[in-house]
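Chemist: Questions regarding the structure given below will be posed in turn.
The values are calculated or read from the model by the stated rules, or taken from the named source; none is laboratory data. Source: prediction; values computed, not measured. Note that we place each Cβ from the backbone using ideal geometry, even for glycine, and neighbour counts take in every protein chain shown. Just so you know, the surface numbers come from the protein's heavy atoms only, side chains and all, with ligands and any DNA or RNA stripped out. Shrake-Rupley method; radii C 1.70, N 1.55, O 1.52, S 1.80 Å.
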Amino acid sequence: MNTIYNDPSKSPKERTKDLISKMTLEEKIGQMCQIDGNENPELWLKERNIGSFLHVIGDEAIRLQKMATEQTRLGIPLLFGIDAIHGHAFHSGATAFPSQLALSSSWNPQLVEKVGNITAKEVSLTGLHWTFSPVLCLARDIRWGRVDETFGEDPYLAGSLSASIIKGYQGKDLSHPESILACAKHFIAYGETQGARDASESDVSERKLRSIFLPPFKDAVDAGCATFMTAYQAIDGIPCSANKWLLKDVLKNELGFSGFVVTDWDNTGHMHRLQKTTSTIKEACEIAIKSGNDMIMATPEFFENAVELVREDVVSESLIDEACFRILETKFRLGLFDHKRYPDTKKYKIFMGCDEHRKAAYDAALESIVLLKNKNNTLPISNKFKKIAVIGPNANDPQAQLGDWSFGPRYYPERPTLEYNDYDISNIVTILDGIKKRANSSFEVFYEKGCDVIDEKDKNIKTSIETAEKSDVIVAVVGDTIVLNGETRDRVNLDLTGAQLELLKALKDTGKPLIVLLINGKPLTIPWIKENADAIVEAWNPGIEGGNAVSSILFGDYNPCGKLSISFPKSVGQQPVYYAQLPGWHGGSYADMEPEPLFHFGYGLSYTNFEYSNLKTSKKIINDSEDLIASVEIKNTGQIAGSEIAQLYTNDIYTSVTTPLKELKEFKKVFLTPGETKTIEFKLPLLSFSFVNRNCKRCVEPGEFEILVGSSSKDGNLLKTIVTYGGKVQEF
Ligand code: GLC
């Protein structure tokens, strides 16, 4: 049928306009519906022509796409969404990368973009074309279950890495068969809830929202992110999916977002069923449409209610047209009408989980691992040790290695997915696998699980001690597990669970050097480990190559360079410990604990040492005519080559509203050979010195600013200098 919408020479806008003009109301509303592909998809397709499924894996995507394009009146292709948030980790055999929190410890936008690019390629090889990633939420209360899915606590770092992974997913041309849609989520301030309770209420003012939470999402819009997902929770009583000001005025009009907004899982139903802000589901559907949600995820009642609302003139059909236009234009931009993106089985066999992709997962894990302590150069393990005891519950656990959103689309943590589906775990290199492989015949390796990560009765301390006593060094692999991370899995404390601490103390008592390796979704309160371990390595959920990457670092084949993207509290009650603290705390400390975190944002050690000196600025008076350049010298004063992530913070000393005592504004990773010195430059436009004032306007006020440069956010690690802005208040 040679119509405009079927003509690839026409623009996506022209084709969309033509197609919509041919559609019935029901067909347009069908495009707004996204349903779980595991729940009777044929019915949804045949009777309601829906436009999208999620959680569809494998051949099912081909079957449904054929049904949609060959057995419906207009043959509109389906959009398949999946949570491929650290590689296509639901798909058996795919390359599962380190978690988002792990990747953020690399502070490497180029690396993160490459992870996005490979993920897109493997997702597209399975006939899917949309990942619900990246998460742009900020992790500022670590009790929250989904900290592992974030890029940490800082807006600037999260925004930089989100923009990078979006570019990786979407490539240079969205219509390329290996490009997929990215999804900036969860819009907005979803991690900032009362008591860190998942999807409960956020009490964030407009000024705070614009100051802290909106900037990373602006970076996502500027990076061309094709879709946004509304967050579950209400902000000051208004559910995000019911917030017209947020979705239309701010996101679509002020930021100029031209893609489409999908709700999170049954946000529309939640307004009625959970948040009780509407007395009927029909009213919720009306509000969802009028507020600017374009696609409605997993609210089965939406289709019928939306048709009724338009028929009864409660909702204008123009709103349906607007939503449908955004969705269909995206499908045209994706090239879905021109090449159905069916999986290419030949390419699948070559590229899915291939060595090149695994190498990228290995590199990503290497750069994501953070050395937190190394007393007396216990690490790297060298020939001073001959016998290595690997002890702990996370030493040989594939699921702990991959972390959340892995192992199959409908995993339930109370039902270990290894029994639940046919996910092939043979391609996952556990910590034990990696150490055994790297040790080869030069070392003897002993292994003992030691205890369970949850059940404190399930332990064998005695055999663990015996194993330790016949070794020269202990690598204790502890942390947490999937039932303590993720959606609806917030915690009231962050201590090690089960008998892990008892096990560590028993191992410490053997007097052997104790290396603690953390395999965990989020920071834990581990003051005993900081005090008593000889070395501490934070590896998070390091992905399928985690065992090899950890071993390369333990044996010194690679010099660790990761830095924390999130602060570690000493105790859960000490929070908030994020570095960007506001002034005004009387006494500046709790009566029973000092305010310093256990480990600071931006902190990470190396096997060598770096010295910062000679912080300079290109001028002392800043203005809007030319950017300020700050420069610093960094020297490798040790015997080993390595990379250092230099960080630049600013502090606007006096401001008309409270502002943080320091804020990250730039960072640079530099490689230095032993004895080498390099000068690093940071470019700071006037905007870098701005904040959001009481009128919710971003502005720069006259006054003095500190510029702080160093190896972490800790005051003792920072060189400081002062610059002055003498101009008038400037709004942006
Ligand atoms: C979930 C999550 C969201 C995810 C979506 C689809 O409930 O909140 O992050 O992308 O539903 O699985």
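Chemist: Is it fair to say Ala400 is under 30 Å from the mean Cα position of the chain (by Cα), modelled with pLDDT of 95 or more and crowded, with 21+ Cβ neighbours inside 10 Å?
Modeler: On the way: under 30 Å from the mean Cα position of the chain (by Cα): yes; modelled with pLDDT of 95 or more: no; crowded, with 21+ Cβ neighbours inside 10 Å: yes.
Answer is no for this residue.
Chemist: Return yes when Gln65 is more than 16 Å from the ligand (Cβ to nearest atom), in the same structural domain as Ser179 (by TED's automatic domain parsing) and without any contact (Cβ under 8 Å) to a residue 40 or more places away in the chain and no when it is not. Steps first, please.
Modeler: On the way: more than 16 Å from the ligand (Cβ to nearest atom): yes; in the same structural domain as Ser179 (by TED's automatic domain parsing): yes; without any contact (Cβ under 8 Å) to a residue 40 or more places away in the chain: no.
No; evaluated as a whole, the condition is false for this residue.
Chemist: Scan segment 124-148 and report the pairs whose first residue is closer than 26 Å to Ser202 by Cβ and whose second residue is away from the ligand (no atom under 16 Å from the Cβ) and of a type in the set (Val, Ile, Thr), with Cβ atoms within less than 8 Å and a gap of 6+ or a chain change.
Modeler: Correct list of pairs: Leu138/Ile212; Ala139/Ile566; Ile142/Ile566; Ile142/Val572; Arg143/Val492; Arg143/Val572; Val147/Ile566.
Chemist: Condition first: within 16 Å of the ligand (Cβ to nearest atom) and open to solvent by 10 Å² or more (accessible area, probe 1.4 Å). Now tell me which residues in segment 265-305 satisfy that.
Modeler: Hits for segment 265-305 are Trp265, Asp266, His270, Arg273, Leu274, Gln275, Ala298, Pro300.
Chemist: A follow-up question, please. Tell me, please, whether a residue that is surrounded by 21 or more Cβ atoms within 10 Å (Cβ to Cβ) and more than 16 Å from the ligand (Cβ to nearest atom) can be found in segment 179-191. Step through it out loud before you land on a result.
Modeler: Taking segment 179-191 and keeping what is surrounded by 21 or more Cβ atoms within 10 Å (Cβ to Cβ), we get 179-191.
When the remaining residues are screened for being more than 16 Å from the ligand (Cβ to nearest atom), the result is 179.
Yes, there is a match, as at least one residue in segment 179-191 is surrounded by 21 or more Cβ atoms within 10 Å (Cβ to Cβ) and more than 16 Å from the ligand (Cβ to nearest atom).
Chemist: Do we find that Leu628 is surrounded by 20 or more Cβ atoms within 10 Å (Cβ to Cβ) and under 22 Å from Ser606 (Cα atoms) in this structure? Explain how you work it out, then say what you get.
Modeler: Details: surrounded by 20 or more Cβ atoms within 10 Å (Cβ to Cβ): yes; under 22 Å from Ser606 (Cα atoms): no.
Considered against the rule, which asks whether it is surrounded by 20 or more Cβ atoms within 10 Å (Cβ to Cβ) and under 22 Å from Ser606 (Cα atoms), Leu628 comes out as no.
Chemist: Related question: I'm trying to understand the selection: among the residues of segment 62-90, which are within 21 Å of Tyr362 (Cα to Cα) and touching a Leu at 6+ places or on another chain (Cβ under 7 Å)?
Modeler: Within segment 62-90, just Ala89 meets the criteria.
Chemist: Can you pull out every residue in segment 520-539 that is touching an Asp or Glu at 6+ places or on another chain (Cβ under 9 Å) and surrounded by fewer than 24 Cβ atoms within 10 Å (Cβ to Cβ)? It would help to see each step written out before you state the result.
Modeler: So the first thing to find is which residues in segment 520-539 are touching an Asp or Glu at 6+ places or on another chain (Cβ under 9 Å), and the list is 520-526.
If the condition is that a residue be touching an Asp or Glu at 6+ places or on another chain (Cβ under 9 Å) and surrounded by fewer than 24 Cβ atoms within 10 Å (Cβ to Cβ), then Thr525 is the only one that fits.
Chemist: On to the next question. From (1) open to solvent by less than 20 Å² (accessible area, probe 1.4 Å); (2) away from the ligand (no atom under 16 Å from the Cβ); (3) not aromatic (Phe, Trp, Tyr), pick out the condition that doesn't hold for Val261.
Modeler: It is condition (2) that Val261 fails.
Yes/no per residue for (1) within 26 Å of Ile165 (Cα to Cα); (2) under 19 Å from the mean Cα position of the chain (by Cα):
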site	(1), (2)
Glu27	no, no
Leu43	no, no
Ile62	no, no
Arg73	no, no
Leu79	yes, no
Asp83	yes, yes
Pro109	yes, yes
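Chemist: For Ala220, are the conditions met, namely being in contact with a helix residue (DSSP H, G or I) (Cβ under 6 Å, 6 or more places away or on another chain), surrounded by 20 or more Cβ atoms within 10 Å (Cβ to Cβ), in contact (Cβ under 8 Å) with a residue 12 or more places away in the chain and assigned to a helix (DSSP H, G or I)? Steps first, answer last, please.
Modeler: Values: in contact with a helix residue (DSSP H, G or I) (Cβ under 6 Å, 6 or more places away or on another chain): yes; surrounded by 20 or more Cβ atoms within 10 Å (Cβ to Cβ): yes; in contact (Cβ under 8 Å) with a residue 12 or more places away in the chain: yes; assigned to a helix (DSSP H, G or I): yes.
Criteria met by Ala220.
Residue-by-condition table, conditions (1) touching a Ser or Thr at 6+ places or on another chain (Cβ under 6 Å); (2) modelled with pLDDT of 95 or more; (3) under 16 Å from Gln170 (Cα atoms):
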position	(1), (2), (3)
Leu181	yes, yes, yes
Glu192	yes, yes, no
Ser200	yes, yes, no
Arg207	no, yes, no
Pro215	no, yes, no
Asp222	no, yes, yes
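Chemist: Restricting segment 154-178 to residues that are open to solvent by 10 Å² or more (accessible area, probe 1.4 Å) and of a type in the set (Asp, Glu), which is farthest from Pro523 (Cα to Cα)?
Modeler: Asp173
Chemist: Would you say Asp148 is over 22 Å from Lys252 (Cβ atoms), modelled with pLDDT of 95 or more, under 18 Å from the mean Cα position of the chain (by Cα) and within 15 Å of the ligand (Cβ to nearest atom)? Steps first, please.
Modeler: Working: over 22 Å from Lys252 (Cβ atoms): yes; modelled with pLDDT of 95 or more: yes; under 18 Å from the mean Cα position of the chain (by Cα): yes; within 15 Å of the ligand (Cβ to nearest atom): yes.
Considered against the rule, which asks whether it is over 22 Å from Lys252 (Cβ atoms), modelled with pLDDT of 95 or more, under 18 Å from the mean Cα position of the chain (by Cα) and within 15 Å of the ligand (Cβ to nearest atom), Asp148 comes out as yes.
Chemist: Something else: Might you let me know whether segment 668-680 holds any residue that is out of contact with any Asp or Glu (no Cβ under 9 Å at 6 or more places or on another chain), assigned to a strand (DSSP E or B) and open to solvent by less than 50 Å² (accessible area, probe 1.4 Å)?
Modeler: Taking every residue of segment 668-680 in turn, none turns out to be out of contact with any Asp or Glu (no Cβ under 9 Å at 6 or more places or on another chain), assigned to a strand (DSSP E or B) and open to solvent by less than 50 Å² (accessible area, probe 1.4 Å).
Chemist: Identify, by number, the condition in (1) in contact (Cβ under 8 Å) with a residue 40 or more places away in the chain; (2) away from the ligand (no atom under 16 Å from the Cβ); (3) not in a loop (DSSP other than H, G, I, E, B) that Ser175 doesn't meet.
Modeler: Condition not satisfied by Ser175: (3).
Chemist: I'd like to check something: does segment 338-355 contain any residue that is in contact with a Lys or Arg (Cβ under 9 Å, 6 or more places away or on another chain) and crowded, with 23+ Cβ neighbours inside 10 Å?
Modeler: Checked segment 338-355: no residue is in contact with a Lys or Arg (Cβ under 9 Å, 6 or more places away or on another chain) and crowded, with 23+ Cβ neighbours inside 10 Å.
Chemist: Could you list, in sequence order, the residues of segment 37-52 that are out of contact with any strand residue (DSSP E or B) (no Cβ under 6 Å at 6 or more places or on another chain) and within 15 Å of the ligand (Cβ to nearest atom)?
Modeler: Within segment 37-52, Asn38, Glu39 meet the criteria.
Chemist: Let me ask you something else. Go through segment 47-60 and give me each residue that's more than 32 Å from the chain's Cα centre (by Cα) and touching a residue at least 24 places away in the same chain (Cβ under 8 Å).
Modeler: To start, the set of residues in segment 47-60 that are more than 32 Å from the chain's Cα centre (by Cα) comprises 47-49.
Hits for segment 47-60 are Arg48, Asn49.
Chemist: Sticking with this one: Just one of Ser200, Ser205, Ser211 is within 16 Å of the ligand (Cβ to nearest atom) and either more than 16 Å from Val135 (Cβ to Cβ) or open to solvent by 40 Å² or more (accessible area, probe 1.4 Å) (or both); which is it?
Modeler: Only one candidate passes the filter, namely Ser200.
Chemist: Go through (1) closer than 22 Å to His600 by Cβ; (2) open to solvent by 50 Å² or more (accessible area, probe 1.4 Å); (3) among the polar types (S, T, N, Q) one by one and return the number of the condition Asn695 breaks.
Modeler: (1)
Chemist: Which residue out of Asp363, Asp294, Asp313 is over 30 Å from Glu545 (Cα atoms), under 25 Å from the mean Cα position of the chain (by Cα) and not aliphatic (A, V, I, L, M)? It would help to see each step written out before you state the result.
Modeler: Numbers: Asp363 fails: over 30 Å from Glu545 (Cα atoms); Asp313 fails: under 25 Å from the mean Cα position of the chain (by Cα).
The match here is Asp294.
Chemist: Another question about this same structure. For a quick check of your reading of the model, give me the residue pairs whose first member lies in segment 226-238 and is modelled with pLDDT under 95, whose second is away from the ligand (no atom under 11 Å from the Cβ) and not in a loop (DSSP other than H, G, I, E, B), with beta-carbon atoms closer than 8 Å and at least 6 apart or on different chains.
Modeler: Pairs found: none.
Chemist: Restricting attention to segment 236-258, which residues are part of a strand (DSSP E or B) and within 16 Å of the ligand (Cβ to nearest atom)? Give the derivation first.
Modeler: At the first step, the residues of segment 236-258 found to be part of a strand (DSSP E or B) are 238-239.
Selection gives Pro239 alone.
Chemist: In segment 132-143, is there at least one residue being buried (at least 24 other Cβ atoms within 10 Å of the Cβ), among the β-branched types (Val, Ile, Thr) and away from the ligand (no atom under 14 Å from the Cβ)?
Modeler: Scanning segment 132-143 turns up at least one residue that is buried (at least 24 other Cβ atoms within 10 Å of the Cβ), among the β-branched types (Val, Ile, Thr) and away from the ligand (no atom under 14 Å from the Cβ).
Chemist: Mind listing whichever residues of segment 403-459 are of a type in the set (Gly, Ala, Ser) and at pLDDT 75 or above?
Modeler: As a first pass, look at segment 403-459 and keep what is of a type in the set (Gly, Ala, Ser): 403, 406, 408, 426, 434, 439, 441-442, 450.
Matches in segment 403-459: Gly403, Ser406, Ser426, Gly434, Ala439, Ser441, Ser442, Gly450.
Chemist: Of the residues Asp148, Asp173, Asp198, only one is in contact with a Leu (Cβ under 6 Å, 6 or more places away or on another chain) and assigned by TED's automatic domain parsing to the domain that holds Gln65; which?
Modeler: When all the criteria are applied, what remains is Asp148.
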